[in-house]
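Worksheet: one structure, shown below.
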Amino acid sequence: MPELPAAAAAQLAAQLAELGEEFQRSLPERVGQIEAAVMALGASWEDCADGEGWRCGESWEAALRELSAATHSLAGAAGTFGYPALGATALQMEALARQLQADPAARVVGSASARETFARLLATLKAPVGTAPLLISAAVSAASVGGLATAPALRPAPVLVVGDDE
Amino acid sequence: MSASLQRILYVEDEVDIRTVAKLALEAVGGFEVEVAASGDEALLRVRDFAPDLLLLDVMMPGMDGPATLRALRAQSQTEFVPAIFMTARALPGEVAALKAEGALGVITKPFDPLALADQLRMFWEARDA
């Protein structure tokens, strides 16, 4: 990586920090969408279990689509903004949602364990996360000492190992 | 194929990821980055923008990354432009499948914004090796 001039590095760090703050502000809404999808999925599962097959299928599929989309979005973004554990939890939820989407029999079979898993993962998502995403704060402090390329903590791929949102 | 990597077409549906990666690729890598939010938009972009490299998110609504690459490969402007995929799922079988689509490499998410330009250059420089 070519070494950035200090001014450019500081500007980049400030822009990344701003984007990180925007992401942090979006977290309640993102988690809220996931929670709503989990609730909708639970409701449609109950319909299905009651033998209301004629109406449970569509809502079940819609809830899973929403859940896949919302968790995919969070899984992709969280790690990059310094929340690797949050991203990993969202990725687990997304994997389970996609697994269910690919298996229509799961609508009734084995739903209890999937529901428990979603509830557990949702609780993990809703646990308070720390307020200092390390990737972004590291970028800011590196810039302030004159050049991103000189900060060993930034490389390689620190997002995989840092974070306080366990 | 141009010898140096300068112009990148980046296709990603998530706006925040797109913003961070574009910013980092421009500021850190010094690249010229054109973005598209979907495969369809990418097909429109290449009418006016001739990329050296395609950087494609794998999972997108509508056309996914591999479908977007196939569609771009069917156009004369981008028939031979090298591609790199980005994905949150880096299972060994999936990486191999993505490379079999003709990609130079696969970058896993979450990515480090500050290291992304280097990762692209690494794949770019290894492409003829």
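If you scan region B:71-92, which residues turn out to be of a type in the set (G, A, S) and more than 20 Å from A:A88 (Cα to Cα)?
B:A71, B:A74, B:S76, B:A83
Does A:G32 satisfy the criteria of being within 14 Å of the chain's Cα centre (by Cα), among the small types (G, A, S) and surrounded by fewer than 15 Cβ atoms within 10 Å (Cβ to Cβ)?
Yes, satisfied.
Could you tell me whether any residue of region B:83-95 is within 14 Å of chain A (Cβ to nearest Cβ), of a type in the set (S, T, Y) and outside any strand (DSSP E or B)?
no
Go through (1) without any contact (Cβ under 8 Å) to a residue 40 or more places away in the chain; (2) more than 11 Å from chain B (Cβ to nearest Cβ); (3) buried (at least 24 other Cβ atoms within 10 Å of the Cβ) and name the single condition A:A75 misses.
All conditions pass for A:A75, except number (2).
Which ones in region B:94-129 are more than 23 Å from B:R18 (Cα to Cα) and either of a type in the set (A, V, I, L, M) or at pLDDT 90 or above (or both)?
Scanning region B:94-129 gives B:A96, B:A97, B:A100, B:E125, B:A126, B:A129.
Residues to consider are B:V28, B:V81, B:V20; find the one that is under 11 Å from the mean Cα position of the chain (by Cα) and of a type outside the set (G, A, S).
From the options B:V28, B:V81, B:V20, the qualifying one is B:V81.
Would you say B:L116 is under 23 Å from B:E26 (Cα atoms) and within 11 Å of chain A (Cβ to nearest Cβ)?
Yes: the conditions hold for B:L116.
Counting only residues that are among the charged types (D, E, K, R) and over 19 Å from B:A21 (Cα atoms), which one in region B:36-51 is surrounded by the most Cβ atoms within 10 Å (Cβ to Cβ)?
B:D40
If A:G82 satisfies every condition in (1) within 12 Å of chain B (Cβ to nearest Cβ); (2) on the phi < 0 side of the Ramachandran plot but one, which is the exception?
(2)
The values are calculated or read from the model by the stated rules, or taken from the named source; none is laboratory data. Predicted, not measured: the structure shown is a model, and the values here were computed from it. Don't worry about glycine lacking a Cβ; one is built from the backbone with ideal geometry, like all the others, and counts go over all protein chains shown.
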